[in-house]
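Novice: Handing you a structure now.
Nothing in this text is a laboratory measurement; each read-out follows from the coordinates by a stated rule. All values reported here derive from a predicted model rather than from experimental measurement. Cβ coordinates were reconstructed from backbone atoms using ideal geometry, including for glycine residues, and neighbour counts include every protein chain displayed.
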Amino acid sequence: MAYALCFLLFMIGLYCAVVKKNMVKIVLGIVIMEYAVNLFLIMLGYVKGGVAPIIERSQYDGATKAIASEFLNASVDPLPQALVLTSIVISLGSLALMISICIRTYAKYGTFDITEIRRLRG
Amino acid sequence: MALFYILLIFMVIAAIIAVETKDLLSAVICVGAIGFGGSLMFLLLRAPDIAMTQIVVEVLGLVILIRATISRDLTFISGDREFFGTVASVVILFLVFMAGMRICDTLPEFGEPVFAQRPEAASQAYIAKGLNDTGATNIVTSIYLDYRAYDTLGEATVLFTAVIGATAILRSRSRKRLEDPEL
């Protein structure tokens, strides 16, 4: 059910990117898709009643270098979190690039409407 | 658990409003609402690092998007593309949605991930050995900056490439024109 709602969010973004004819709306659709995919990856690693993957001082035995088993059993998946961190930062860069293309196109053609921008054809 | 569904439904509603509203500034604000809802969601999913990054990126992204939409005369563009193309896309999207729903049934139950049932998974090794291998109490940090540091290097490369691209696109006058004002 939670995955299905996340997928619905993705499909709304895809619909926005495919059907709309306003350039900024297309960018917004791509941004919504990015949110949905990031959220989905984090949800895949969630453990019910889990803890964040940060070890507390009381859970670590310095002498034997042993980590308490309640952390080992309850920690959520740290791997998708590290990779989604990369993905979020890259999505900011791609958003800046897309928006600068939009601003430039507006300065040249005076509109955001992609059906009006005829001379963009190769 | 109910909070997850409330936040997800909030995000879906905000996305529908963002897609269907006529005013671009309202659409941008709705996308911001999705982003901050997602940040809360990350916090509840026990991912505090992602939540903080999401808030920072969200604020910067909103500033960039508002820069694009504010003080443009023609922000009200109504209507979709031509009728036949729209219908065809909606039909294809509906088929993709139904196929995705079938795949959702095969996924593991929410809250019971695959890696917890498999002791040989890479995530288990990171959780068990991360502190002793790298000295970072935050396992996400130990993956981000030690086990997969090349990933982070690549991320920085992509980010700076995007910044160079945006600067090159937004530069208003070319060097040739600066040297020769007659052109």
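Novice: Kindly provide log₁₀ I(q)/I(0) values, in the same order as q = 0.16, 0.18, 0.21 Å⁻¹, from the Debye equation applied to equal alpha-carbon scatterers of chain A.
Specialist: -0.87, -0.99, -1.15
Novice: Between B:R171 and A:T64, how high is the FRET efficiency from 1/(1 + (r/R0)^6) when r is the Cβ-Cβ distance and R₀ = 51 Å? Nearest 0.05. It would help to have the intermediate numbers written out before the result.
Specialist: Numbers: r = 60 Å, r/R0 = 1.17.
With R0 = 51 Å, the Cβ-Cβ based efficiency is 0.30.
Novice: Another question, if that's okay. Show me the helices of chain B, taken as full DSSP H stretches, that run 20 Å or more along their long axis by Cα and average -0.5 or above in Kyte-Doolittle hydropathy.
Specialist: Values: long enough: B:2-20 (27 Å, 2.75); B:24-44 (30 Å, 2.23); B:48-69 (31 Å, 1.51); B:83-106 (35 Å, 1.81); B:149-170 (32 Å, 1.30).
Span-like helices in chain B: B:2-20, B:24-44, B:48-69, B:83-106, B:149-170.
Novice: What is the angle, in °, between the Cα long axis of helix A:78-109 and the longest principal axis of the Cα atoms in chain A? Nearest 10 is fine, range 0 to 90.
Specialist: In chain A, helix A:78-109 runs at an angle near 10 degrees to the longest axis.
Novice: Let me ask you something else. Using the alpha-carbon centroid of each, what span in Å lies between the stretch B:2-53 and the stretch A:1-76?
Specialist: 13
Novice: From zero outward in steps of 10 Å, how is the percent of C-alpha pairs of the protein assembly as shown spread across the bins?
Specialist: 6, 24, 29, 22, 12, 5, 2, 0
Novice: Which value results when the Cα radius of gyration for the stretch B:1-135 is divided by 2.2 N^0.38 Å? Could you put the intermediate results ahead of the total?
Specialist: On the way: Rg = 20.2 Å, N = 135, 2.2 N^0.38 = 14.2 Å.
Normalised Cα radius of gyration, the stretch B:1-135: 1.42.
Novice: Between B:M52 and B:A99, what length in nm is gained on full extension when 0.36 nm per residue of separation is reduced by their alpha carbon distance? Let's see the in-between values first.
Specialist: Working: separation 47, 0.36 × 47 = 16.92 nm, distance 3.39 nm.
Contour length minus the Cα-Cα distance gives 13.5 nm.
Novice: Follow-up. Listed highest first by mean packing, meaning other Cβ atoms within 10 Å per residue, what order do B:140-150, B:56-66, A:11-21 come in?
Specialist: Details: B:140-150: 18.6, B:56-66: 17.0, A:11-21: 21.0.
Output ranking for B:140-150, B:56-66, A:11-21: A:11-21, B:140-150, B:56-66.
Novice: On to the next question. Starting from the Cα-Cα distance between B:D151 and B:K129, subtract it from 0.36 nm times their residue separation and give me the gain in nm to one decimal. Please report the intermediate quantities before stating the final value.
Specialist: Working: separation 22, 0.36 × 22 = 7.92 nm, distance 1.98 nm.
Here the segment from B:D151 to B:K129 would lengthen by 5.9 nm.
Novice: I'd like to know how the stretch B:1-73 sits against the 2.2 N^0.38 Å rule of thumb: what's its Cα Rg over that expected value?
Specialist: Values: Rg = 13.3 Å, N = 73, 2.2 N^0.38 = 11.2 Å.
In units of the globular-protein estimate, the stretch B:1-73 measures up at 1.18.
Novice: Next up: Run the simple label-point estimate for B:A88 and B:Y5 please: 7 Å along Cα→C-beta, distance reported in nm.
Specialist: Result for the modelled spin labels: 4.0 nm.
Novice: Next up: If packing is taken as the average count of other Cβ atoms within 10 Å, what order do A:37-45, B:114-122, B:19-27 fall into, highest mean first? Numbers along the way, then the final one.
Specialist: Details: A:37-45: 21.4, B:114-122: 13.4, B:19-27: 16.7.
The peptides rank, most packed first, as A:37-45, B:19-27, B:114-122.
Novice: With each pseudo-label sitting 7 Å past Cα toward Cβ, what's the B:L60-B:I164 distance in nm, one decimal?
Specialist: 1.8
Novice: Okay, moving on. Under a straight-distance cross-link criterion of Cα-Cα below 21 Å, which lysines are reachable from A:K21, leaving out those fewer than 8 residues away in the same chain?
Specialist: A:K108, B:K22
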